[in-house]
Amino acid sequence: MKLKKIVAVFLAVLCAASCLAISVGAVSISEGNSALLKTFTSGVASNGFDYLAFSPKKGEADTQKYPLMVWLHGMKSGQEPGSQLKWYSFSNWASDEFQTRFTQGGCYLLAPRACNATNNWDAALASSLKSIIDEYIKLNKENIDTSRIYIGGYSTGGVMVWAMLSRYPGFFAAGLPLASITQPAALELGGLKNTSIWIMCCDIDYYAGGRTTAARETFNYLNSITYRKSGLRITNMTEAVFSDGSKKTEVKNGEVVVAKDAEHYVWMAATFDMHMSDMVTPYLYATTVDGNGNTISFEDPEQGVISWLCQQTNEEHSENRPSGFFAQLAAFFKKIFSLFLALFK
């Protein structure tokens with residue numbers, strides 16, 4: 001009996017220590033970017049491109065399948081290893097608050113750095129980026145859900161999101177092009193009928209100004225061909241602000257003024273999951289609609305980009321597939337062909 005008590009106490013202490021270890025490992029958004037960045041590990045792909053990555057895996061015995069989110073930095077943010085996350089709040093996604101918002105209990109995060117002459121993403125790097133992603137998936141093949149690979153990027157990173165979505169249709173379940181400084185041609189969008197996409201832009205963006213209209217045109221074209229109307233969204237901002245409501249500033253003629261590129265900082269909305277720093281107030285000055293014309297509300301703090309991503313997979317959707325005469329005829333012949341094959345089995 002005494003031995004049983006000793007064993008019980010030992011197990012209780014072991015359990016408590018295990019729980020303590022888990023709680024110590026959890027990092028809150030309130031601890032700041034530097035603390036969150038420490039949860040990322042650095043790596044180098046076989047093609048020489050370096051990256052930062054976060055793993056949600058909870059020990060060697062964890063067999064859970066988690067999604068993977070790929071994040072692409074903007075211009076002038078890839079000059080040295082680690083710089084791709086220093087100037088953004090994407091590290092928020094490694095926080096305990098945001099990881100627990102994923103229905104799978106977490107999400108892998110991968111932030112590669114553009115290792116070319118300009119340290120800036122462009123379409124010429126598409127195959128290199130795909131190699132990095134494929135290699136990382138292979139390294140974590142036991143725990144990555146390949147039906148839930150997502151990609152998001154800001155500014156030139158947003159341009160790269162479009163390039164990757166169009167060049168590898170069906171590979172990504174969803175894309176987040178944020179303040180993309182150019183929009184893809186209609187020819188590049190034809191293969192994205194079954195991909196969920198959330199476009200974000202600001203009406204007075206200095207760099208993408210005039211292209212906001214183009215972003216709406218891209219949304220309208222995608223909406224005319226998509227099978228995922230509920231998975232298609234666009235967020236239009238009249239202003240882009242930091243999570244505390246302030247704007248980027250610069251010193252001009254000895255005075256602190258709003259920077260000319262302040263309205264380009266669309267990434268803040270996504271990295272704070274469509275909320276302000278209090279995690280309750282929906283992101284200001286923004287209107288979001290989906291492909292069905294519904295206005296999306298973020299009054300629920302846990303309804304945002306992560307909630308939307310959790311609904312997206314690269315499995316076939318039939319939400320808006322054509323149901324006219326030719327579609328029915330195709331289905332009829334497909335059925336006849338299946339019956340024909342069955343006869344000769």
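General remarks:
- Test for F102: is it within 22 Å of A173 (Cα to Cα), open to solvent by less than 70 Å² (accessible area, probe 1.4 Å) and touching a residue at least 24 places away in the same chain (Cβ under 8 Å): yes
- Residue that is modelled with the lowest pLDDT, among those in segment 111-130 that are among the charged types (D, E, K, R) and in contact with a Ser or Thr (Cβ under 8 Å, 6 or more places away or on another chain): D122
- Restricting segment 182-195 to residues that are buried (at least 18 other Cβ atoms within 10 Å of the Cβ) and free of Cβ contacts under 8 Å to residues at least 40 places away in the same chain, the residue that is nearest to K65 (Cα to Cα): L192
- Complete set of residues in segment 222-258 that are part of a loop (DSSP other than H, G, I, E, B) and polar (S, T, N, Q): T226, T238, S243, S246, N253
- Failed item in (1) within 10 Å of S243 (Cα to Cα); (2) open to solvent by 30 Å² or more (accessible area, probe 1.4 Å); (3) in contact with an Asp or Glu (Cβ under 8 Å, 6 or more places away or on another chain); (4) without any contact (Cβ under 8 Å) to a residue 60 or more places away in the chain, with Y285 passing the rest: (1)
- Flag for G170 being part of a loop (DSSP other than H, G, I, E, B) and open to solvent by 40 Å² or more (accessible area, probe 1.4 Å): yes
- Matching entry among A208, A269 (being under 16 Å from V161 (Cβ atoms), at pLDDT below 95 and either open to solvent by less than 60 Å² (accessible area, probe 1.4 Å) or in a loop (DSSP other than H, G, I, E, B) (or both)): A208
- Tally, over segment 120-155, of residues that are open to solvent by 10 Å² or more (accessible area, probe 1.4 Å) and of a type in the set (V, I, T): 2
The values are calculated or read from the model by the stated rules, or taken from the named source; none is laboratory data. The shown structure was predicted, so the numbers you read here are calculated from the model rather than taken from an experiment. When we count neighbours, we look across all protein chains shown, and the Cβ atoms used for this are built from the backbone with ideal geometry, even at glycine. These area figures cover heavy atoms from the full protein model, side chains too; ligands, DNA and RNA do not enter into them. Shrake-Rupley method; radii C 1.70, N 1.55, O 1.52, S 1.80 Å.
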